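*Asks:* Below is one structure. I have some questions about it.
The values are calculated or read from the model by the stated rules, or taken from the named source; none is laboratory data. Please read these numbers as outputs of a predicted model, since none were measured by experiment. Cβ: placed from backbone, ideal geometry, glycine included. Neighbour counts: every protein chain shown. Each accessible area value is taken on the protein alone, full model and side chains, heavy atoms only, with ligands, DNA and RNA left out. Shrake-Rupley method; radii C 1.70, N 1.55, O 1.52, S 1.80 Å.
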Amino acid sequence: YQAKKQGHQLAFYSPGMEQQRLQRLSLESRFYHALECEEFQLHYQPIWEIDSGRLVGVEALLRWTDAVGNRISPGEFIPIAEDLRLMGSLGDWVLKTAARQLVDWRARGITLSMAVNLSVSQLQGRQAAEHIRDQVVANGTQPEWWHLELTEETLMHEPEEVEEAMNVLSDWGFHLALDDFGRGYSSLARLQSMPLDILKIDKLFVDRLDGDSAGEPIVQAILDLARHLSIHVVAEGIETIAQRDRLWALGCHWGQGFLVSGARPADEIEQMIETEQTS
Ligand code: C2E
Ligand code: MG
Ligand code: MG
Ligand code: MG
């Protein structure tokens, strides 16, 4: 496993590696325990219209707090879940939980869209797509309410299979979003051939909009490209007013980031909406 991860390098034994291996083992067994003991939770991060500040949707983000109160970040446990081939079941749980939340919100007149992150194992071919649709529909939601996020990295795994899944999901009315855009290596040709509705500009570029605004040309280029392809753009990781204002000036209409809010439990999102409606 180590050797595989390190590409062409030889995996020499070192005390540091041994420690890494032990850490991973412990994380693995805690992960199985977490699945059984329902230690996972979904939090929701607002996506807003930059102009008005109005909430238009949320992104569901997995949270894991173990029995003794440690929080493990998805960046740590998702790669392990994928390796253990458990991302399928965890992904199903995410879809089901998010669907129930959507139904609950709709019943109360809250019409936010729901973005969920999909991993490569959930996007392999038509069957995988049917599985997603079946769950979404069985839980009382409609494809149009969903934004399915995938990364450039996911696209690089078995591209034909993933593209097949994307095509049918898009035909059924799901919105598709390319996450972390600019971090990976999507070819522009591919961007045009895929049924994408949304590009999410990676935080990396939003960060560079602070200070001397060295990041502007890239963000401008992404926005121009998206406009020509009729794709909407959401900027990720907006933390400052300066970033927000630059994004708006460059023509970006939607944003997500700590400036407004990080991922929060559902009831806190409801409170935000109430405050929005009364002000
Ligand atoms: P992502 O889909 O790109 O999600 C955005 C990440 O950026 C989240 O990290 C969010 O908390 C963080 N973020 C948002 N705004 C800001 C900001 O203003 N500043 C900073 N510093 N960070 C911000 P998180 O929750 O740790 O998730 C990391 C990644 O884990 C996600 O990146 C996504 O790729 C993956 N992930 C999370 N939940 C799921 C899931 O249910 N399924 C799958 N397959 N992947 C998931
Ligand atoms: Mg995402
Ligand atoms: Mg992202
Ligand atoms: Mg990211």
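*Asks:* In the chain, what % of DSSP beta bridges are antiparallel (nearest 5)?
*Replies:* Taking every DSSP beta bridge with both residues in the chain, the antiparallel ones total about 40 percent.
*Asks:* Measure off, as a whole percent, the carbon and sulfur share of the 1.4 Å-probe accessible area of the chain, all protein chains present.
*Replies:* Here it works out to 51 percent.
*Asks:* For the chain, report the accessible area per residue in Å² (1.4 Å probe, heavy atoms, rounded to an integer).
*Replies:* Value for the chain: 52 Å² per residue.
*Asks:* Based on the Kirkwood radius over alpha-carbon pairs, what value in µm²/s does the Stokes-Einstein equation return for the translational diffusion coefficient of the chain at 25 °C and 0.890 mPa s?
*Replies:* D = 122 µm²/s.
*Asks:* Give the Debye-formula value of log10 I(q)/I(0) at each listed q (0.13, 0.17 Å⁻¹), with one equal scatterer per alpha carbon of region 189-233, two decimals each.
*Replies:* Once normalised to I(0) and log-transformed, intensities are -0.31, -0.50.
*Asks:* May I ask you to evaluate 6.51 cos²θ - 1.76 cosθ + 1.60, the Karplus curve with θ = phi - 60°, for each residue of region 108-114 and list the ³J(HN,Hα) values in order in whole Hz, giving x for glycine and proline?
*Replies:* Karplus-based 3J(HN,Hα) across region 108-114 equals 9, x, 9, 10, 6, 7, 10 Hz.
*Asks:* Here's a follow-up. Pick out, in residue order, every one of the trypsin sites (Lys or Arg not before Pro) in region 75-173 that is DSSP loop and has at most 10 other C-beta atoms within 10 Å; say none if there are none.
*Replies:* Arg85, Arg108
*Asks:* Right, here's the next one. Residue-wise, which Karplus ³J(HN,Hα) couplings in Hz belong to region 76-92, taking 6.51 cos²θ - 1.76 cosθ + 1.60, θ = phi - 60°, and x for glycine or proline?
*Replies:* Calculated HN-Hα couplings, in order: 7, 8, 5, x, 5, 4, 5, 4, 7, 6, 10, 5, x, 5, 5, x, 4 Hz.
*Asks:* I've got another one for you. May I ask you to work out the translational diffusion coefficient for region 1-136 at 10 °C, viscosity 1.306 mPa s, via Stokes-Einstein with Rh from the Kirkwood sum over Cα pairs, reported in whole µm²/s?
*Replies:* 92 µm²/s
*Asks:* Which of the listed residues, Ile80, Gln127, Met272, is farthest toward the dipole's positive end in the chain, when Lys, Arg count +1 and Asp, Glu count -1 at the beta-carbon?
*Replies:* Ile80
*Asks:* How much of the pair distance distribution for region 163-279 lies past 24 Å, counting alpha-carbon pairs only, in percent?
*Replies:* Beyond 24 Å sits 35 percent of the P(r) for region 163-279.
*Asks:* Rounded to the nearest Å, what's the spacing between the alpha carbon centres of region 182-223 and region 120-162? Just the number, please.
*Replies:* Using only Cα atoms to place each centre, the spacing works out to 23 Å.
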